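Just below is one structure, and these are the notes that go with it.
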Amino acid sequence: MEIYCSGYGASILQKLITPKNHPFFSGKSPTLRQIAQVSLILFSRTGSIEPFIERGFAKEGLKPNVVMTHNNLMSVKKYVALGLGAALVSGYAVSKEEKRSIDVFPMDRYFPKRKYGLLLRKKKYVSPVVKALIRTIKPDIEFKK
């Protein structure tokens, strides 16, 4: 079996989202020690993001104060906007519109970039719908006819 591998190279950085103008962080980029002291709402403990978060805190000898996990990212952001806690999410998770009700802080100094790739079996049929989806991720991909 031959496999085509494309390192599509998207780097996804972690972001901390907090309620707008949260007094604990007061506009400056928070440290992991500060973040460990606030209530954290995380997106599903079974996801790929959890090990990155745990390792980041463990390196600093800290344990995050996780008060809630949710399997719906929209709910996590809503709870943060309502002031129920802060959250660590992917850099792509917050829209410009959502930034009106939450503050976003970069966390790249604590959490590594994550890269994604694409694996396809060579000489296998790929439907037009799957090709369209793949092109949204990697626009320059060429499919052999």
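What follows draws every value from the coordinates through simple rules; no lab data is involved. Since we're looking at a predicted model, the values are computed, not measured. Positions of Cβ are generated from backbone atoms using ideal geometry, with glycine treated the same way; all protein chains shown enter the neighbour counts.
Structure notes:
- Matching option when the condition is surrounded by fewer than 16 Cβ atoms within 10 Å (Cβ to Cβ) and within 12 Å of K15 (Cα to Cα), among P106, P51: P106
- Scope the range 86-115; condition in a loop (DSSP other than H, G, I, E, B), touching a helix residue (DSSP H, G or I) at 6+ places or on another chain (Cβ under 7 Å) and among the charged types (D, E, K, R); matching residues: none
- Scanning the range 59-93 for residues that are under 16 Å from F24 (Cβ atoms) and within 14 Å of the chain's Cα centre (by Cα) yields A86, A87, L88.
- Any hit, the range 69-85, residues being among the small types (G, A, S), assigned to a loop (DSSP other than H, G, I, E, B), surrounded by 16 or more Cβ atoms within 10 Å (Cβ to Cβ) and touching a residue at least 24 places away in the same chain (Cβ under 8 Å): yes
- Evaluating K131 against the criteria (1) closer than 19 Å to P30 by Cβ; (2) charged (D, E, K, R); (3) more than 13 Å from the chain's Cα centre (by Cα) leaves one unmet condition, (1).
- In the range 116-132, the residues that are in a helix (DSSP H, G or I), surrounded by 11 or more Cβ atoms within 10 Å (Cβ to Cβ) and among the hydrophobic types (A, V, I, L, M, F, W, C): V130
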